[in-house]
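All remarks here apply to the structure that follows.
Please treat every number below as a calculation from the coordinates, not as lab data. If you're wondering where the values come from, they're calculated on a predicted model, not measured in any experiment. When we count neighbours, we look across all protein chains shown, and the Cβ atoms used for this are built from the backbone with ideal geometry, even at glycine.
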Amino acid sequence: MAPKPCFIANWKMNKGIAEAERYVKDFIKRYAETSLAPSRVIIAPPFTALQAVSKQVKCGDFEIALGAQNVHYEPHGAFTGEISAGMLCESGCQYVIIGHSERRTLFGESDEVVRQKLFAVRKAGMLPILCIGETFEDRRAGKTWDRLQAQLSAALTDDLMKMGLAENVAEWVIAYEPVWAIGTGETPKPGEVEEIHQQIQAFIRKHVGKGIPATLYGGSVSEQNILEFMEMPNIDGVLVGGASLSSETFFKLIELGVSEKQ
Ligand code: 13P
């Protein structure tokens, strides 16, 4: 059975507490005024706004899940400036984005660090939004799948399975975000993304085997292109950066995306 369509707002380093509160209030109002089919909506604000957003999303019968944009893999200790999985749980997070290409390229996060973060998130009982993506050079060299497979293999190791931390893999999110498509206005063709999603799902089926996570596309998603992506049977939703910064636009993306999946 296909998962509920899933829409994630990754605000990156944008919005303070007051702006975040205004956004969520406006978003909830729009939701209350429209009868949308069920979907999974996750907002990932900066750390400083997590608690404020968490309080708002618990109001009323409409639920937005809360995601963090990053985590440190150690539970506590002398790691100046870092935040642990336990701290995120306490702030109300159900999800954590890990392996985002901005973390990998701008902050030097290796596949090994991503693996350790995945462990920490699962041990704390949260769900990962695991991001993978190829660079433009990988793509030009015909090595897109090699890169994605390497990222998946490095994260989904046997001990994760042995420790029972992947039993609920069907509730996770895998986001395919080509590095060259993030914030550039460029995107792969929806058919190409569909094929890659099928490969990702086949990989999970073979190596984890406990169900299939929601498989999302991310990179320059907009009102103009969302329908083409959501039309594809194995694109379960989108991970949105720039276009999620306006509650009006993010809401519109959800409306369009949900309508396409009905
Ligand atoms: P844009 O939607 O701004 O391209 O960002 C995508 C992204 O990185 C979401 O995590």
**OP:** Count neighbours as other Cβ atoms within 10 Å of each site's Cβ, and list the chymotrypsin sites (Phe, Trp or Tyr not before Pro) in the stretch 21-74 that are DSSP loop with at most 16 such neighbours.
**Re:** Phe62
Subject >> Structure-based [θ]222 nm, the chain - -39500 (n - 2.57) summed over DSSP H runs of at least 4, per residue, nearest 500 >> reply: -12500 deg cm²/dmol
**OP:** Counting other beta carbons within 10 Å of each Cβ, put Cys131, Cys89 in order, fewest first.
**Re:** Cys89, Cys131
Original post:
Any idea what the relative contact order of the stretch 149-262 is, in percent, if you count C-alpha pairs under 8 Å spaced at least 6 apart?
Top reply: 27
**OP:** Sequence neighbours fewer than 8 away in the same chain don't count; with that in mind, list the aspartates and glutamates whose C-alpha is under 20 Å from Lys25.
**Re:** Glu33, Asp61, Glu63, Glu248, Glu255
Original post:
Each residue of the stretch 69-77 in order: what ³J(HN,Hα) in whole Hz does its phi give by Karplus 6.51 cos²θ - 1.76 cosθ + 1.60, θ = phi - 60°, with x for Gly and Pro?
Top reply: 8, 6, 7, 9, 7, 7, x, 5, x
**OP:** Compute the FRET efficiency between Ala78 and Asp159 as 1/(1 + (r/R0)^6), taking r as their Cβ-Cβ distance and R0 = 25 Å, and round to the nearest 0.05.
**Re:** 0.45
**OP:** Using a/c under 1.5 as the rounded threshold, could you call the stretch 50-110 rounded, prolate or oblate? The axes a ≥ b ≥ c are square roots of the C-alpha gyration tensor eigenvalues, and prolate needs a/b larger than b/c, oblate otherwise.
**Re:** oblate
**OP:** Once you have the Kirkwood Rh of the stretch 101-238 from its Cα pairs, apply Stokes-Einstein at 4 °C and 1.567 mPa s and quote D in µm²/s.
**Re:** 85
**OP:** Please say if the stretch 169-258 is rounded, prolate or oblate, where rounded means a/c under 1.5 for a ≥ b ≥ c the square roots of the C-alpha gyration tensor eigenvalues, and otherwise the choice is prolate for a/b larger than b/c and oblate otherwise?
**Re:** prolate
Original post:
Which residues' amide hydrogens lie under 5 Å from the amide hydrogen of Val96, considering only partners 5 or more residues apart or on another chain, with H built in the peptide plane?
Top reply: Ala68, Leu127, Ile129
Original post:
Using 0.36 nm per residue, how much length does the chain from Gln199 to Lys252 gain when fully extended, once their Cα-Cα distance is taken away?
Top reply: 16.1 nm
**OP:** Filter the cross-link list Lys4/Lys210; Lys4/Lys123; Lys123/Lys206; Lys117/Lys252 down to pairs whose alpha-carbon distance in this structure exceeds 21 Å.
**Re:** Lys4/Lys123; Lys123/Lys206; Lys117/Lys252
Original post:
Could you list, bin by bin from short to long, the percent of Cα-Cα pairs of the chain in 5 Å steps?
Top reply: 1, 6, 14, 19, 20, 18, 13, 7, 2, 0, 0
Subject >> Length-normalised contact order for the chain - Cα pairs under 8 Å, 6+ apart - percent >> reply: 20
Subject >> ³J(HN,Hα) computed for each position of the stretch 133-140 - Karplus, 6.51 cos²θ - 1.76 cosθ + 1.60, integer Hz, glycine/proline x >> reply: x, 9, 7, 5, 5, 4, 5, 5
